Amino acid sequence: MIIRGPDALTRGAQVTAAPTAGRRDLTPQAVAHLTVSGGHPCISVLMPTTPAARMAVADRARLDGLLLDAERRLADDGVTDRERLVRELRRLARIAQDSGTSHALGIFVSDHVSRAWTLPVSVHPKVVVESTFATRDLLRALHRTPPHLVVRIDEFGARVFWVATRVTLLETVERLPGGRPRPVGDRELAADRTPEDRRDLLARLDACMTRLRSQRPAPLVLAGDPGLVAELKGGATWLHRLAGEVVDARADAPDELFSATALCLEDYLRRRGQQSLHDLYEAVATAPDQVVAGLDECWAAVTRRTPGTLLVEHGYVHPRPPGEGGEVASHDLVDDLLELALEAGNLIAFVDDAELHEFGGIALLRSG
């Protein structure tokens, strides 16, 4: 992620990411919208990319090849309005080719949907034309670095950022109360740092974050002055889903802070996945009736809207060829199940391959 403006953190300037194909943030709500936007044809184009300020020549050629594949599939399926769909695919592709890239690109088009996102996780190149979108890689991307809040605090005040596809400054809380003159030199600034100012800053930040957390119950990273961060951790009531803190030199560098917070998120989500895995094995020993194992059983449980956490190995796929059991073909039944689980309100936890071997690669831990 490229951050513009060397003094954006201390002066409250606009902070934005480099231009990318995804003009809208990749959020759980956006993925959920795709899961319910069914109807043939739903076209999903996914491919790995090399991170760059503009798409590499080799990636541009690969994308062109995938679009030709999509066009052939639409023709083979006899889709009557395929020309319009292909035009939309190519429009999004042109935007992507002229934009910054991350580790992957996903383009999703149907009669009612037109979306494209850059992704922070690598994917296998594929074109899927079915009655639903291929959202597995989007869920993996959300699992790795979901939208989150960053609160950076120092002697000047606090900045609250929303970090998703781009970085957005949400709120600014100045250290000095309104109406008081701001000191102009270091000596005057030091003399002006009173305990009352410090308490006032923390109190106003507490009110601000209490409101924001009710609107955005997302993971949170604290950054900035170590002493002020420690005070926040010792007394704030809005620290649920605290993912970590950045209190070293990276907190003062706009081009490093958000990369550092992304690493905090990765570690936090890895810990959550491991905790879910631990809870699953503990339930096997103490409450086996709370555990559902295997694709078929998990599918039945999710269809019944059984509440709980669905755990799945990153690399577990189960395609269904045409005609099996009288059902239509599916590029990945696990992908379909994840979409169904997201719609049903289940939590989803990805774990490393082979960690669910004895459960058949997927398991549901019932809640309650």
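What chymotrypsin sites (Phe, Trp or Tyr not before Pro) in segment 192-277 are in a loop by DSSP, with at most 15 other Cβ atoms within 10 Å of the Cβ?
Working: sites: Trp238, Phe258, Tyr268; in loops: Trp238.
Loop-located and lightly packed - none at all.
For labels at Arg199 and His278 in the simple 7 Å Cα→Cβ model, what's the distance in nm?
Going from the Arg199 label point to the His278 one covers 3.9 nm.
List the residues whose amide H sits under 5 Å from the amide H of Ala56, counting only those 5 or more places along or on another chain, with H placed 1.01 Å from N in the peptide plane.
Residues meeting the amide H criterion: Thr50.
Quick one: 3J(HN,Hα) in Hz for segment 31-40, Karplus 6.51/-1.76/1.60 with θ = phi - 60°, rounded, Gly and Pro as x.
These are the phi-based 3J(HN,Hα) values: 5, 4, 4, 5, 5, 9, 9, x, x, 6 Hz.
Taking the simple approach of a point 7 Å from Cα along Cα-to-Cβ for both Ala52 and His124, what is their distance in nm?
Rounded to a tenth, the inter-label distance reads 2.5 nm.
Exposure proxy check: Lys126, Lys233 ranked by fewest other beta carbons within 10 Å?
Lys233, Lys126
How far is it, in nm, from the label point at Arg270 to the one at Thr80 when both lie 7 Å from their Cα along the line to the Cβ?
5.3
So how do Ser367, Ser114 line up by other beta-carbon neighbours within 10 Å, fewest first?
Ser367, Ser114
I'd like the Karplus ³J(HN,Hα) series for segment 96-113: coefficients 6.51, -1.76, 1.60, θ = phi - 60°, whole numbers in Hz, and an x wherever there's a Gly or Pro.
Listing the rounded values in order: 4, 5, 9, 10, x, 10, 10, 8, 7, 10, x, 10, 9, 9, 8, 4, 10, 10 Hz.
Which residues does the label zone of Asp252 cover in segment 225-240, counting backbone N under 12 Å from a point 7 Å along Cα→Cβ?
Zone members listed by number: 225-226.
Can you list residues from other chains, or at least 5 along the same chain, whose modelled amide H is less than 5 Å from the amide H of Leu105?
Met47, Thr49, Leu119
Mind sorting Thr261, Thr132, Thr50, Thr168 by how few other Cβ atoms lie within 10 Å of their own Cβ, fewest first?
Fewest-to-most ranking of Thr261, Thr132, Thr50, Thr168: Thr50, Thr168, Thr132, Thr261.
All of the numbers you see were taken from the coordinates with simple rules; none came from a lab. Quick caveat: nothing in here was measured; it's all calculated off a predicted structure. In this analysis, Cβ positions are derived from the backbone assuming ideal geometry, glycine residues included, and neighbour counts consider all displayed protein chains.
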